[in-house]
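The values are calculated or read from the model by the stated rules, or taken from the named source; none is laboratory data. Remember, it's a predicted structure, so these values are computed and weren't measured experimentally. A quick note on method: Cβ atoms are made from the backbone with ideal geometry, for glycine too, and the neighbour counts reach across all protein chains shown. In case anyone asks, the SASA skips ligands and DNA or RNA and just uses the protein heavy atoms, side chains included. Shrake-Rupley method; radii C 1.70, N 1.55, O 1.52, S 1.80 Å.
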Amino acid sequence: MQILPDGPTSCRLYWIQDVLPHPLDVRLEEGMTASAKVIKSTLESSDAIPR
């Protein structure tokens, strides 16, 4: 994972996963997709904003 600035008040999360052997890619993609949804909802929640 890598987090880079994207404007004065935002950033982008880059998550790259190299997979060998190839047969595991579908399972890992499903896990990454589910995890990305959790990360997104957490970061967008009011609890994630520092006060």
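Summary of computed values
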item: Cβ pairs under 9 Å, 6+ apart, first in region 1-27 and without any contact (Cβ under 8 Å) to a residue 24 or more places away in the chain and within 17 Å of Glu44 (Cβ to Cβ), second part of a loop (DSSP other than H, G, I, E, B) and not aromatic (Phe, Trp, Tyr); result: Arg12/Asp6; Trp15/Met1
item: When residues of region 19-51 are limited to those that are under 15 Å from the mean Cα position of the chain (by Cα) and open to solvent by 100 Å² or more (accessible area, probe 1.4 Å), the one modelled with the highest pLDDT; result: Lys37
